[in-house]
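> Mind having a look at this structure? Questions to follow.
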Amino acid sequence: MNRTTASARPFSRREFITSAAAATGAWCLPSGAQEKFPSKPIEIVTHSGAGGGTDITARMMMVHAPGVFGTELVVANRVGGAGAAALAYAQSRPRDGHTILLVTQSHLLTILQGKSPVKYDEFVALARATADPQVLMVGKNSPIKTAQDLIAAGKTRKLKAGVTHIGSVDHLSLLGFARKAGLQALTAVPFRGGGDIVINIVSGNLDVGMLNYAEAESQLKAGDARALLVLTPQRMKVLPDVPSAKDLGIDADYSTVRGFVTLKGVPEDRLKILEDGLIKAMRGQMYATYIDTSGQAADSVAGRAVWQAQLDSFYAEGESELKALGMAK
């Protein structure tokens, strides 16, 4: 899904080159290897347009990355098909480690629906980048004032809920939450993006919206929208008074998660360089500030093992949910 974060801006090529010039060393292959890696710019393929949440995540990582890797990094925005265009482009590139993808659960759902030339078993995890909790929100004039009100209402009638599109990450998260909370099946109303959902909860056209914090940050701060429930075990630092699912005794953990992968065929020693370099870049102060101020989980950044296990879990859960909807191929 394309997510827009108001608290960050894209960084210019000049800033990247300046950062790279400040680097004091270069990453290379182990002793005895003939070819330095990386030996050319690293391309990061995203399914998000410029300014979207995934695009911004890539560019925030890239603030520190040129100095870490000793080379320039560039973003290849390949928009279309909920990740299908990005996956097709990545498949066309050499599998030498100089092309990596920044993916979300949307890419897995696209694969499960038979809309991608890439199969899931070709994914090789590198590092997790963000975990952006899903939040249930209403407009300021909604009769639903609290999370308890929401649960009570959802048990007596079908709530009309805004999602980005049918079969999306937030749609499946909403279905999973409703099931775990014992609610009646919600009526999912699809929109083009989070901005449209915000408009419709503020205007009262929806009972509730499934959103990330950054999508409604200005409306929340202005009091036009109200966050009711964070669908993770922990509360959010930016919404300290909003209960988590765990606070209500609901076993729900739903976030929009972004992370870096490459496709099978990249040598193992290069995978290690990529994993270490990405994590080091995301430990930098600029990226840490981005995580802290945009509503992301504090433990967003993680290595290959954690990220691969989470991808496997997402894929299995997505397959189950899509089969229930009759949408899996």
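The values are calculated or read from the model by the stated rules, or taken from the named source; none is laboratory data. These numbers were taken from a predicted model, which means no experiment stands behind them. Note: ideal-geometry Cβ built from the backbone for every residue, glycine included; neighbour counts use all protein chains shown.
> May I ask you to list the residues in the range 92-132 that are free of Cβ contacts under 8 Å to residues at least 24 places away in the same chain and of a type in the set (S, T, Y)?
Scanning the range 92-132 gives a single hit, S92.
> Listed residues A316, A298, A305, A324; which is part of a helix (DSSP H, G or I), of a type in the set (G, A, S) and modelled with pLDDT under 90?
Of the residues listed, the single one that is part of a helix (DSSP H, G or I), of a type in the set (G, A, S) and modelled with pLDDT under 90 is A324.
> Just give me the residues in the range 169-185 being at pLDDT 90 or above, outside any helix (DSSP H, G or I) and on the phi < 0 side of the Ramachandran plot, in sequence order.
Once the filter is applied, which keeps residues that are at pLDDT 90 or above, outside any helix (DSSP H, G or I) and on the phi < 0 side of the Ramachandran plot, the range 169-185 yields L183, Q184.
> Select from the range 204-219 the residues that are surrounded by 22 or more Cβ atoms within 10 Å (Cβ to Cβ) and farther than 18 Å from I166 by Cβ and write down the one among them that is nearest to the chain's Cα centre (by Cα).
N212
> What strands (runs of 3 or more DSSP E) lie completely within the range 191-284 and have 2 or more residues being in contact (Cβ under 8 Å) with a residue 60 or more places away in the chain and not assigned by TED's automatic domain parsing to the domain that holds S168? Steps first, answer last, please.
Details: elements: 208-212, 225-230, 255-263.
Counting at least 2 such residues, we get 255-263.
> Between a residue in the range 137-150 that is within 16 Å of M210 (Cα to Cα) and in contact (Cβ under 8 Å) with a residue 24 or more places away in the chain and any residue that is assigned to a helix (DSSP H, G or I) and of a type in the set (F, W, Y), which pairs come within a Cβ distance under 8 Å, given they are 6 or more apart or on different chains?
So the pair list comes out empty.
> Test each condition in (1) closer than 17 Å to P117 by Cβ; (2) in contact with a helix residue (DSSP H, G or I) (Cβ under 6 Å, 6 or more places away or on another chain); (3) of a type outside the set (F, W, Y) for L73 and report the one that comes out false.
Failing condition for L73: (1).
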